[in-house]
1. How much length, in nm to one decimal, is gained on full extension between ALA94 and GLN222, taken as 0.36 nm per residue of separation minus their Cα-Cα distance?
2. Which FRET efficiency value, to the nearest 0.05, do you get for LEU262 and ALA197 by plugging their Cβ-Cβ distance into 1/(1 + (r/R0)^6) with R0 = 45 Å?
3. Before rounding to the nearest 500, sum -39500 (n - 2.57) across all DSSP H runs of length at least 4 in the chain and divide by the residue total; then give [θ] at 222 nm in deg cm²/dmol.
4. What three numbers, in Å, describe the spread of the alpha carbons of the stretch 31-158 along their principal axes, ordered from the longest?
5. If neighbour count is taken as other Cβ atoms inside 10 Å, put TYR297, TYR140 in order from fewest to most.
6. Answer with a single label: of (1) 5, 16, 16, 14, 18, 18, 11, 3, 0; (2) 6, 27, 34, 24, 9, 1; (3) 6, 24, 29, 21, 12, 6, 2, 0, which was calculated as P(r) over Cα pairs in 10 Å bins from 0, in percent from the structure in view?
7. Give a quick list of GluC sites (Glu not before Pro) in the stretch 149-198 that DSSP marks as loop, anything other than H, G, I, E or B, with at most 13 other Cβ atoms within 10 Å.
8. Taking the number of other C-beta atoms within 10 Å as the exposure measure, put ARG266, ARG69 in order starting with the fewest.
Amino acid sequence: MLSTLAVAQQQLPTPQPASPKPAPILEAPTPPGVTPISLPPETIVLTIGTEKITKAQFEELLAALAQGRPLPTGADKRRVATQLGELHAVAQEARKRKIDQNEVTKKLVALQTDQVLASELQKQVASEVKVDDAAAQTYYDSHKAQYEQVKALHILIRFKGSSVPLKPNEKDLTEAEALAKAEEIRKKLADGGDFAAIAKAESDDTGTAANGGALPPFSKGQMVKEFEDAVYNQPIGELSQPVKTKYGYHIIKVQERKEKTLEQARADIDKQLKQQMLREAMDRIEKETPVTLDEAYFGK
């Protein structure tokens, strides 16, 4: 059985566009020029059997469930209240039947408590993690290739077995046929052909063909190895020989390789290092309490 917090949190809705249906009374539209009524914090806004929840208590619960996301409003807030009401009503009946006194139930509730505590501890540790300038500089220096952005054009000629869809009314080429076509296209380009025009007409990568073969800027690790090796080794402005990948044969022209500065990369570096530091901090906390498994029972 999940705790009230866990169930309500799972059911917390994502804010949706305003519904055309009339809003609940507490969220009724305010006529122009009229100031909405602000209920005092001690106002009872939800009653579940004999349990009464004030506006302040309900909004504290909403904040806890949202965990940094925008708080629900209007129909979404009403839906959360309805779900909590249903959950509490069932839980009250369970208590009447003394299910909460069952030893198995107590163990499950304790486990849920531990899960909530562990989650909250992780959030607290994450908020305490700070990345100083020296750590950011060290990370940047050792990952510079990751922050080198490339702009490139390419023309793709697919062959049988490629995951790239075959264009309508186009022959499904063998590898040899695709290579021959790629070499023919490269010759046209080398003889002064317009890259953008040829890409639009010939490239099987329809997503980039419409833009004259232009790829979105990318960094190391974002392309398949064969393509990446070619991009980082060929001179800027020159045409590659046909490069074979699992998608087909590519003619590549690198336009620019530009390195991000530390300042430009800092937000990404902080994110990477905070995740790493959080994992290390949580590992240290876990290791402070030894855990031993009986190998005769659990095996190795």
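Just so you know, all these numbers are worked out from the coordinates, no wet-lab data involved. In this text the structure is predicted, and so the values were computed from the model without any measurement. Note that each Cβ is placed from the backbone with ideal geometry, even for glycine, and that neighbours are counted across all protein chains shown.
1. On the way: separation 128, 0.36 × 128 = 46.08 nm, distance 5.32 nm.
Net length gain for the segment: 40.8 nm.
2. Working: r = 40 Å, r/R0 = 0.89.
FRET efficiency, LEU262 to ALA197: 0.70.
3. Details: 11 runs with 146 residues, N = 300.
Per the formula, -15500 deg cm²/dmol.
4. If we take the Cα atoms of the stretch 31-158, the spans are 67, 57, 46 Å.
5. Details: TYR297 6, TYR140 19.
By the 10 Å Cβ count, ascending: TYR297, TYR140.
6. (1)
7. On the way: sites: GLU170, GLU175, GLU177, GLU183, GLU184; in loops: GLU170.
In loop regions of the stretch 149-198 (DSSP not H, G, I, E or B), the sparsely surrounded GluC sites (Glu not before Pro) are GLU170.
8. Numbers: ARG266 17, ARG69 11.
Lowest to highest Cβ neighbour count: ARG69, ARG266.
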